[in-house]
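Undergrad: Below are the structure tokens for one structure; questions will follow.
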Amino acid sequence: MGRDKALIEVGGVACIARVASALAAAGCEPIRIAVAQPEDVERYGAVIPDGLDVEWVLDAVTHAGPIEALIEALTDPLVADTDSIQLCPVDVPWVTDDLFFELEKTLGSGDLLAIPADPQRAHPLLARVRPSIASKIADDRRPLHVQFSEMEHSTLLTETAILRNVNTPDDLN
């Protein structure tokens, strides 16, 4: 897209601020935000609302990709005792706290994850996951939607509009 998606404004609010606010409203704090470089903390922190409990995490390998970032996050000792973690990229500015509440309720006791889907496809980067999936995806380079579909999971069918992500300027319309 040529622009930092985190700082693209939708309705006058940066994507990262919209996502962080939805996570906080759903009780998903602390919000752990992975950044590629230390300067990102200042840039992103300037647009995130005051009062949110944010933990900044510097990527061990810059721009490594979502699977590596996910493994790094799920194997962090700070999440070792956490039952489940809500994933969320910054480029879904229409996501709601209701989605996060519903995913938490959808995650069954035997599930490794709860994944939202619209009628067209699943959205793995918005899944509610158990940290134990890290060992299952560590050596698998297939797309996450393929890996997640093979794990014990529940699916939450929801409206396409809140799952929409921003990949091109046209996606903002």
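Rule-based calculations on the coordinates, nothing more; no lab input. Owing to the predicted nature of the structure, the values given are computational and were not obtained by experimental measurement. Heads up, the Cβs are rebuilt from the backbone with ideal geometry, glycines too, and the neighbour counts pull from every protein chain shown.
Undergrad: Return the Rg/Rh value of region 16-173, two decimal places, where both radii are evaluated on C-alpha atoms and Rh is the Kirkwood radius.
TA: Values: Rg = 15.0 Å, Rh = 16.1 Å.
Answer for region 16-173: 0.93.
Undergrad: Further, regarding this structure: Placing +1 on the Cβ of each Lys and Arg and -1 on the Cβ of each Asp and Glu in the chain, which of Ile115, Ala17, Gly45 has its Cα farthest towards the positive end of the resulting dipole?
TA: It is Ile115.
Undergrad: Let me ask something additional. Ignoring the sites themselves, what is the longest stretch of the chain with no GluC sites (Glu not before Pro) in a DSSP loop and at most 12 other beta-carbon atoms within 10 Å?
TA: Values: sites that count: Glu150, Glu152.
That gives 1-149 as the longest site-free run.
Undergrad: Then there's this: If you take the C-alpha gyration tensor of region 61-122, multiply each eigenvalue by 5 and take the square root, what semi-axes do you get, largest first, in whole Å?
TA: On the way: eigenvalues 89, 62, 26 Å².
For region 61-122, the ellipsoid semi-axes come out as 21, 18, 11 Å.
Undergrad: Next up: Express in nm, to one decimal, how much length is gained between Glu39 and Arg121 on full extension, taking 0.36 nm for each residue of separation and deducting their alpha carbon distance.
TA: 26.0 nm
Undergrad: Still on this model: So if the hydrodynamic radius of region 44-83 is defined as the Kirkwood radius over C-alpha pairs, what does Stokes-Einstein give as its diffusion coefficient at 10 °C and 1.306 mPa s, in µm² per second? Numbers along the way, then the final one.
TA: Details: Rh = 12.1 Å.
Answer, rounded: 132 µm²/s.
Undergrad: Each label point is 7 Å from the Cα along the Cα-to-Cβ direction; what then is the distance between the points at Glu9 and Asp50, in nm?
TA: According to this spin-label approximation, the distance is 2.0 nm.
Undergrad: Sticking with this one: Write down, largest first, the equivalent ellipsoid semi-axes of region 11-61 in whole Å, where each equals the square root of 5 times an eigenvalue of the alpha-carbon gyration tensor. Please list the in-between numbers first.
TA: Working: eigenvalues 66, 36, 15 Å².
Semi-axis lengths for region 11-61 are 18, 13, 9 Å.
Undergrad: Pop out the Kirkwood hydrodynamic radius of region 114-171 from its pairwise C-alpha distances, inverse of mean 1/r, in Å to one decimal.
TA: About 12.5 Å for region 114-171.
Undergrad: So, with +1 on the Cβ of K and R and -1 on the Cβ of D and E, and no other charges, what is the size of the charge dipole of the chain about its Cα centre, to the nearest 20 debye? Don't skip to the answer; put the middle values down first.
TA: Numbers: 13 positive and 29 negative charges, 82 e Å.
Using only the charged Cβ atoms, the result is roughly 400 debye.
Undergrad: Test of understanding: what is the full-extension gain from Ser132 to Asn173, defined as 0.36 nm times their sequence separation minus their Cα-Cα distance?
TA: Values: separation 41, 0.36 × 41 = 14.76 nm, distance 3.82 nm.
Between Ser132 and Asn173, full extension yields an extra 10.9 nm.
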